[in-house]
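The values are calculated or read from the model by the stated rules, or taken from the named source; none is laboratory data. Please read all numbers here as calculations on a predicted model, not as lab measurements. Note: ideal-geometry Cβ built from the backbone for every residue, glycine included; neighbour counts use all protein chains shown.
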Amino acid sequence: MTSRIHPVLWGTGLVIVFGACVALIVLAAADVFWRTPALERNREEVIHAVAVVQAARELEREVAMAERAQRGFLFTAERAYLKSFDEALERTPALLARLKGLVADDPEQRRRVQELERQVELRLTTLRTTLEIGNRDGLEAARRGPQVAAGAQAMAAVEASIGTMVAAENALLSERLDGAAQALRGQTAATVAAGVLAIVALMLGLLLARYAKGRWVRVDRERRESEEIFRHMIEAVSDYAIFMLDPQGRVATWNRGAERIKGYTAEEIIGKPFSVFYTREDQEANAPAHALETATREGRYVSEAWRVRKDGTRFFASVALDAIRDRSGNLAGFAKVTRDFTERLEQQRALDQTRAQLAQAQKMEALGLMSGGIAHDFNNLLHVIGNGLGVLERGIRGADVSTVRVLEMIRRSVESGTTMIQRLLAFSRHQPLEPRVVDPNKLVADMKALLSHAVGGTISQETVLGGGTWQISVDANQLELALLNLAANARDAMPGGGKLTVETSNAFLDEAYAASRPEVAVGQYVMIAVSDTGTGMPQEVVARAFEPFFTTKGEGEGTGLGLSQVYGFIKQSDGHIAIYSEPGQGTTVKLYLPRSQSPAAQAAAPPIAPRTAGANGKTILVVEDHVDVLALSAQTLRGLGYGVLEAIDAGAALEMLETEREVDLLFTDVALADGMNGRELAREVTKRRPAIKVLFTTAFTRNAIIHHGRLDPDVELLAKPFSQSDLADKVRRILCVAD
């Protein structure tokens, strides 16, 4: 019974409320329909009265304009005033006609307009008469004539008539406005009365509705409390994104975990399709629709895949999608549970990577131990063979040519085997090293010519030296050999030519870098990178590149020991080596050697020879950072009769230039250590002493004075190696031109 009476009472209350609203609308509409014509008439009458007042005032202004124009002409004799007078006369008839039309329905106002028309005509006649007298008898006579007083009286009559008309229209306007206000008050009163009646009906209906609603309060409260408990339980879960979808796949609910994992607030996402969580690739593959179809057909859909957050970042998700059906079995929506497994996936990947790196390190260590044992045994064998070969050579002197040729072949094979053993020892980290503090920039710069010869003429070379590069403690000879091996590999990767770049810089390998590379110690390093623009390597080749005897070259084209020797040397020097390569994109090998806190051993500068005047009176300043080359060049020039000044770098040369006033020629190497190169030195010298001539020398094909294969303009160059006669001819020609 209770369940039946509740809808009846509720329905009755709604009917009363609806009926009261309808009654209020009907009463308001009837009142508006009844009063609207009267209000419309009042509005038209108000507009008409305002139009009459405006027309009368315009007529008054035109007559006054004609009077001012006539007066201006009489007092100034300016003909321009006559134009204004004529224009006022032309507009006056039209204004009178308009005023007549406006008052045609008011007899009293028609009489006033007729009288006004007579007065206006009288005033305009007096104005015209005055102007005629002025034209005929002169302006002075026109100003003193009797028609002036008559005109003033006529103008006063015009103003009085217009004032009377305006006052009458204003009275009518006030009367009509009062009528409109009274009509509005009546309409307002009727609306208020209807509103009161409607409010009474509404209150009655609301009381009935409240009475019916009160019967539902207990059941509804219990239902809300149950839903609230469930909602709080769902929202309290932050590790899972739990939300509902409607049958079309639009988001219907949202919990705290969903906001944390996916980045959307409830206001932003509710009502939007859940496909926004899918990657572009999955959307193009129609994966969202497939998930809904599977859940609808089978009741549940489960998957693990990448999803997209609001900010565009991806996360790896474990997803469960369940179909929800009502009591009739119809699809009501879907319940979706998502968990972020990104961290777990990354941890698994990091673990797998660490395991792989550890296995690789263990394999390389095992290969190193095996290679060291093999090298030791082979060294003994080669020692016996080499010494035995020496005995044979001494015992068979005077043997035939074929026997000597065989012995030479054996000797070459022993030497080749010795080289291979040395490389194996380097890989196994058993070679004897003689580390010393080295300036890496100077070492790389000094090797530029050697590397150029190693890679050949079809490959260009660039050296990029970092500023303030730290010192390193390393076996310089082995480091040079490692760079030569890398340059040779780069050359083989560029059979059609290319570019070799050697770069130095400071580097800090931090905890993040070392975390994925167990063999790396955190700290400060000097990085020396050798890059080429060659064919590159796939990742499976990169993974085995340091293994001894592994090579991708053809049979007889390589031993497979070059990179393994570099690897062993760097590891034995407590460093780190890494390869970055892609097919068709070239290869970069980076050598990381620990920073040394000890100062580098400085090369002793040669004693500066005292200046001696040449037989020909010419003095040459020689600048060369290679001590032996400096001494040889200076000795050669002194032998030719020149006075010679020697400097080992640009700074020493500039200091010497401050004290030595008689310098005729600067003979400098292009590639100088310690900052300023030869071209920069020459620019500074000629800036201070414009008369000094400059001769460059270099062993490089690419440097500061040669660009795109051509010598820069106005540059004299003597390429290394050069003979004494070449130097003599070049210097003599330059100094003769100077003279």
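Within the option set Val685, Val737, being modelled with pLDDT of 65 or more, outside any strand (DSSP E or B), within 18 Å of Leu665 (Cβ to Cβ) and not small (Gly, Ala, Ser) holds for one residue only, Val685. Just so you know, in segment 500-532 the residues that are modelled with pLDDT under 90 and within 31 Å of the chain's Cα centre (by Cα) include one that is nearest to Leu591 (Cα to Cα), and it is Leu509. Residues that are assigned to a strand (DSSP E or B) and either more than 51 Å from the chain's Cα centre (by Cα) or assigned by TED's automatic domain parsing to the domain that holds Val444 (or both) within segment 618-675 comprise Thr619, Ile620, Leu621, Val622, Gly643, Val644, Leu645, Glu646, Leu665, listed in sequence order. Scanning segment 285-339 for residues that are surrounded by fewer than 17 Cβ atoms within 10 Å (Cβ to Cβ), at positive phi and in contact (Cβ under 8 Å) with a residue 12 or more places away in the chain returns a single hit, Gly299.
Taking the criterion of being under 27 Å from Glu346 (Cα atoms) and of a type in the set (S, T, N, Q), the only residue of segment 287-305 that qualifies is Ser303.
For segment 260-291, the set of residues classified as among the aromatic types (Phe, Trp, Tyr) and closer than 16 Å to Phe334 by Cβ consists of Phe274, Phe277, Tyr278, listed by residue number. The sole residue among Pro713, Pro690 that is over 18 Å from Val623 (Cβ atoms), at pLDDT 70 or above and not in a helix (DSSP H, G or I) is Pro690.
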